[in-house]
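In what follows, a structure is listed as structure tokens, so that the remarks can point back to it.
The values are calculated or read from the model by the stated rules, or taken from the named source; none is laboratory data. Being a predicted model, the structure only gives us computed values, none of them experimental. Here the Cβ positions follow ideal geometry from the backbone for every residue, glycine too, while neighbour counts run over all protein chains shown. Surface accessibility is based on the protein's heavy atoms, side chains included, excluding ligands, DNA and RNA. Shrake-Rupley method; radii C 1.70, N 1.55, O 1.52, S 1.80 Å.
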Amino acid sequence: MTATAAATASGRAVSLTVDLGAIRRNANIVATRVAVPVHFVVKANAYGHGAARVAAMLAAERPGSTFVVARPEEAFELRHQGLAEPILVLGTGLAGLSPGPARELAAELGRLRLSAGVASAEELALWLECAGGSSAGAAPVTLHLKVDTGLGRAGMEPALLSSARERVARAVGLRLGGVFTHLAESELLDSDFTMRQLDRFDRACAELGPRLDSVPRHVANSAAALHCSRALYDAVRVGGALYGVDLSAPDSRGELEPAMRVTARVVQLKRLGSGDSVGYGRRYRARGDREIALLPVGYADGLASTAAGGAWVLVRGRRAPVVGAISMDLTSIDVTGLGVQLGDEAVILGDQEGQNIGVAELALWSGSPPYECLCRLSRRIVPTYEDLEAEGRDRPIAP
């Protein structure tokens, strides 16, 4: 952590630090491994890490890279923040709009040079209608056709792909930028279902005939990019791996580095006698004399209330259990015998004195996927950024 970032974080009762250098190194690991273009997934505010800052760093590191978001407003914000690189919006919501707003959205996507995922025949029909009403000289919109190969979620039937491609090719104001699908269980390294999905995708793409080479295909997410060479195709969409998560090896602390660290300062200490309780519902009752430390962080900051009774934090290099109900703004931990003092740092996610609490462990306690845990943790904690590799600088990095 830079001196400035460390000082900023130390001045807050609750802090979330994002290591941009770790994200850079993770991106380089993936890019070296796959040898095809990497589309950087920065949806959901870069999984809680800050989309604008993450995208700016990656664009400087790898100019011309494609960035992937889930919704138009995410892409609009990135353009507003100055990102000039290609952006793919996986879901525009166009099919849920009335004609007027649909035309306005299509025009704005074209004006901002954004690509759009198309997941159904009905959605494609709307795009064709909107393109037909475009003004002369309007920028064409690049579409990526999504095929449902078995996830059972968004995506058109594989049999429709060829005709959809033909309709886009004939349309004025539209161009085809790619064909893609989503894998249902790519994190399972021996999944037969993944192979069946890839077979379906290959058959659908084969219907495009000799023009297949002109239509980029992208299938692999982080897990498939790292562990399934058959799924690489012409590009990969990588999100979780950028932020240090490999769902195929959740307990591994190998090449990928976690990029987020979350801490809170002890703001109160109190003694409990045998039978005394802590928190709403009196879920915890002391067995004997205990010392309790209060942390100013709660479920409004992303801690899952379901984690109470099974979660731990690090304080003074030791594990301290969470006790009682996690409330909106406060969490209690048992620090009996640890010599904890007011202002001591408690680590919710990250390292301390050789100990670690990783996102996989946090996910296990909360009963939520690791990605969900990361997204939740930045709800109201303003991030501090560090980047030790950026030109050796040690100067303020704005949130």
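Summary table below
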| read-out | value |
| --- | --- |
| Any hit, the range 133-141, residues being open to solvent by 10 Å² or more (accessible area, probe 1.4 Å), closer than 21 Å to Val172 by Cα, at pLDDT below 95 and in a helix (DSSP H, G or I) | no |
| Some residue of the range 68-79 being at pLDDT 95 or above, open to solvent by less than 10 Å² (accessible area, probe 1.4 Å), within 27 Å of Asp301 (Cα to Cα) and part of a loop (DSSP other than H, G, I, E, B) | no |
| Number of the exception - Val238 against (1) modelled with pLDDT of 95 or more; (2) of a type in the set (A, V, I, L, M); (3) open to solvent by 30 Å² or more (accessible area, probe 1.4 Å) | (3) |
| Cβ-Cβ under 6 Å pairs, at least 6 apart or on other chains, the range 51-64 side touching a residue at least 12 places away in the same chain (Cβ under 8 Å) and more than 15 Å from Val18 (Cβ to Cβ), far side among the basic types (Lys, Arg) and open to solvent by less than 50 Å² (accessible area, probe 1.4 Å) | Glu61/Arg24 |
| Verdict on Leu88 being outside any helix (DSSP H, G or I), in contact (Cβ under 8 Å) with a residue 24 or more places away in the chain, open to solvent by less than 40 Å² (accessible area, probe 1.4 Å) and under 21 Å from Gly350 (Cβ atoms) | no |
| Residue within the range 172-184 that is at pLDDT 95 or above and surrounded by fewer than 19 Cβ atoms within 10 Å (Cβ to Cβ) present | yes |
| Leading residue by the ranking (farthest from Arg261 (Cα to Cα)) among those in the range 313-339 that are open to solvent by 30 Å² or more (accessible area, probe 1.4 Å) and outside any loop (DSSP other than H, G, I, E, B) | Pro321 |
| Selection count where residues are assigned to a loop (DSSP other than H, G, I, E, B), among the β-branched types (Val, Ile, Thr) and over 24 Å from Ser229 (Cβ atoms), scope the range 151-191 | 1 |
| Residue that is nearest to Val147 (Cα to Cα), among those in the range 109-119 that are surrounded by fewer than 19 Cβ atoms within 10 Å (Cβ to Cβ) and within 25 Å of the chain's Cα centre (by Cα) | Arg113 |
| Test set (1) farther than 19 Å from Phe40 by Cα; (2) open to solvent by 20 Å² or more (accessible area, probe 1.4 Å); (3) out of contact with any strand residue (DSSP E or B) (no Cβ under 7 Å at 6 or more places or on another chain) - Leu94 fails condition number | (2) |
| One residue from Glu353, Glu361 being more than 23 Å from Val54 (Cα to Cα) and either of a type in the set (S, T, N, Q) or at pLDDT below 95 (or both) | Glu361 |
